[in-house]
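The values are calculated or read from the model by the stated rules, or taken from the named source; none is laboratory data. Here the structure is a predicted model, which means the values were calculated and not measured. Heads up, the Cβs are rebuilt from the backbone with ideal geometry, glycines too, and the neighbour counts pull from every protein chain shown. Surface accessibility is based on the protein's heavy atoms, side chains included, excluding ligands, DNA and RNA. Shrake-Rupley method; radii C 1.70, N 1.55, O 1.52, S 1.80 Å.
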Amino acid sequence: NAGVTQTPKFRVLKTGQSMTLLCAQDMNHEYMYWYRQDPGMGLRLIHYSVGEGTTAKGEVPDGYNVSRLKKQNFLLGLESAAPSQTSVYFCASSWTDRPNYGYTFGSGTRLTVV
Amino acid sequence: AQSVTQPDIHITVSEGASLELRCNYSYGATPYLFWYVQSPGQGLQLLLKYFSGDTLVQGIKGFEAEFKRSQSSFNLRKPSVHWSDAAEYFCAVAERFSGGYNKLIFGAGTRLAVHP
């Protein structure tokens, strides 16, 4: 089925460890986004990409890095995980950034940092 | 910057009862508004959207929402709730940010529980 696939679905990290979350879409979308979801705060944009090879910071970029080497993949990296990064991470994509279109979301990655 | 407020964190309704979830936004011009639903363990699914025209918009799963400019509101409604509607609901508004690109600003969400 076409859509957005996130791996892994769950992960537990120790403080200071690093990891990469992978987002893959097969809809040939130009725009991709990483959000984090925290209770009572909704979804907040971490980083986004408007095309292959381009990335930019969102609302809460500190402690994260991203790469978009291939159009279909958008990677989110945590170089040194902190407990404050315990969250559910969602990737989304869109073929346009025109606001009358919505996004297609992945099913999320639940990350716990202990 | 734009913002979205969902005043109700949790709502519980009985199956078959009507539902209204509140959403208020702050934006100077005509906003682009969305409602998404997140079922347990799932990603977000678009229920409906508004960007112009008729202020009452119909969505999937029997949901509708009404845009009221005078109240800066975009409330979600359903006349008869089903147990499968239990989920978290997010209101969102599109905002243009630096670089000229748009992004979605989400409210904090309303968690809906449905009693049999």
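Which strands (runs of 3 or more DSSP E) sit wholly inside segment A:2-70 and have at least 1 residues that are within 17 Å of A:Arg110 (Cβ to Cβ), open to solvent by 50 Å² or more (accessible area, probe 1.4 Å) and among the polar types (S, T, N, Q)?
Details: elements: A:4-7, A:10-13, A:19-25, A:31-38, A:42-51, A:54-57, A:65-67.
The strands (runs of 3 or more DSSP E) meeting that bar are A:4-7, A:19-25.
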> Here is a list of conditions, (1) touching an Asp or Glu at 6+ places or on another chain (Cβ under 9 Å); (2) in contact (Cβ under 8 Å) with a residue 12 or more places away in the chain, and B:Lys103 meets all of them except one; can you say which number that is?
Replying inline: (2)
> Applying the selection to segment B:82-109, what residues are surrounded by fewer than 21 Cβ atoms within 10 Å (Cβ to Cβ) and closer than 13 Å to B:Glu20 by Cα?
Replying inline: B:Asp85
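Every residue, every condition in (1) hydrophobic (A, V, I, L, M, F, W, C); (2) closer than 22 Å to A:Gly3 by Cβ; (3) away from every other protein chain (no Cβ under 14 Å); (4) touching a Cys at 6+ places or on another chain (Cβ under 8 Å), yes or no:
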position: B:Gln42; (1), (2), (3), (4): no, yes, no, no
position: B:Arg69; (1), (2), (3), (4): no, no, yes, no
position: B:Tyr101; (1), (2), (3), (4): no, no, no, no
position: B:Phe106; (1), (2), (3), (4): yes, yes, no, yes
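For segment B:23-40, which positions are assigned to a strand (DSSP E or B), within 17 Å of B:Asn75 (Cβ to Cβ) and within 9 Å of chain A (Cβ to nearest Cβ)? Talk me through it step by step, then tell me what you get.
First, the residues of segment B:23-40 that are assigned to a strand (DSSP E or B): B:24-26, B:33-38.
Now restrict to residues that are within 17 Å of B:Asn75 (Cβ to Cβ): B:24-26, B:33-37.
Within segment B:23-40, B:Phe34, B:Tyr36 meet the criteria.
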>> Let me spell it out: the conditions are (1) assigned to a strand (DSSP E or B); (2) open to solvent by 40 Å² or more (accessible area, probe 1.4 Å); (3) away from chain B (no Cβ under 14 Å), and A:Leu76 meets all of them except one. Which number is the exception?
In response: (2)
>> Looking at (1) in contact with an Asp or Glu (Cβ under 9 Å, 6 or more places away or on another chain); (2) modelled with pLDDT of 90 or more; (3) not charged (D, E, K, R), which one does B:Leu33 not meet, given that it meets all the others?
In response: (1)
>> Condition first: over 10 Å from the mean Cα position of the chain (by Cα) and more than 14 Å from chain A (Cβ to nearest Cβ). Now tell me which residues in segment B:74-92 satisfy that.
In response: B:Lys78, B:Pro79, B:Ser80, B:Val81, B:His82, B:Trp83, B:Ser84, B:Asp85, B:Ala86
> Just for segment A:79-110: of the residues that are within 13 Å of chain B (Cβ to nearest Cβ) and of a type in the set (S, T, N, Q), which one is farthest from A:Trp34 (Cα to Cα)?
Replying inline: A:Asn100
> Quick one: in segment B:69-81, which of the residues that are open to solvent by 10 Å² or more (accessible area, probe 1.4 Å) and at pLDDT 95 or above is farthest from B:Phe34 (Cα to Cα)?
Replying inline: B:Ser80
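So is B:Phe51 touching a Lys or Arg at 6+ places or on another chain (Cβ under 8 Å) and either more than 27 Å from A:Thr5 (Cα to Cα) or within 9 Å of chain A (Cβ to nearest Cβ) (or both) or not? It would help to see each step written out before you state the result.
Numbers: touching a Lys or Arg at 6+ places or on another chain (Cβ under 8 Å): no; either more than 27 Å from A:Thr5 (Cα to Cα) or within 9 Å of chain A (Cβ to nearest Cβ) (or both): yes.
So B:Phe51 fails the test.
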> Counting only residues that are open to solvent by 60 Å² or more (accessible area, probe 1.4 Å) and not small (Gly, Ala, Ser), which one in segment B:9-24 is nearest to B:Lys68 (Cα to Cα)?
Replying inline: B:Arg22
> In this structure, does B:Ala65 turn out to be modelled with pLDDT of 95 or more and part of a strand (DSSP E or B)?
Replying inline: yes
> Out of (1) open to solvent by less than 50 Å² (accessible area, probe 1.4 Å); (2) out of contact with any Cys (no Cβ under 9 Å at 6 or more places or on another chain); (3) outside any loop (DSSP other than H, G, I, E, B), what's the single condition that is false for B:Val4?
Replying inline: (2)
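Test A:Gly108 against the criterion of being exposed (fewer than 15 other Cβ atoms within 10 Å of the Cβ), at pLDDT below 95 and under 15 Å from the mean Cα position of the chain (by Cα), and give yes or no.
Details: exposed (fewer than 15 other Cβ atoms within 10 Å of the Cβ): no; at pLDDT below 95: yes; under 15 Å from the mean Cα position of the chain (by Cα): yes.
Spelling it out, it is not the case that A:Gly108 is exposed (fewer than 15 other Cβ atoms within 10 Å of the Cβ), at pLDDT below 95 and under 15 Å from the mean Cα position of the chain (by Cα).
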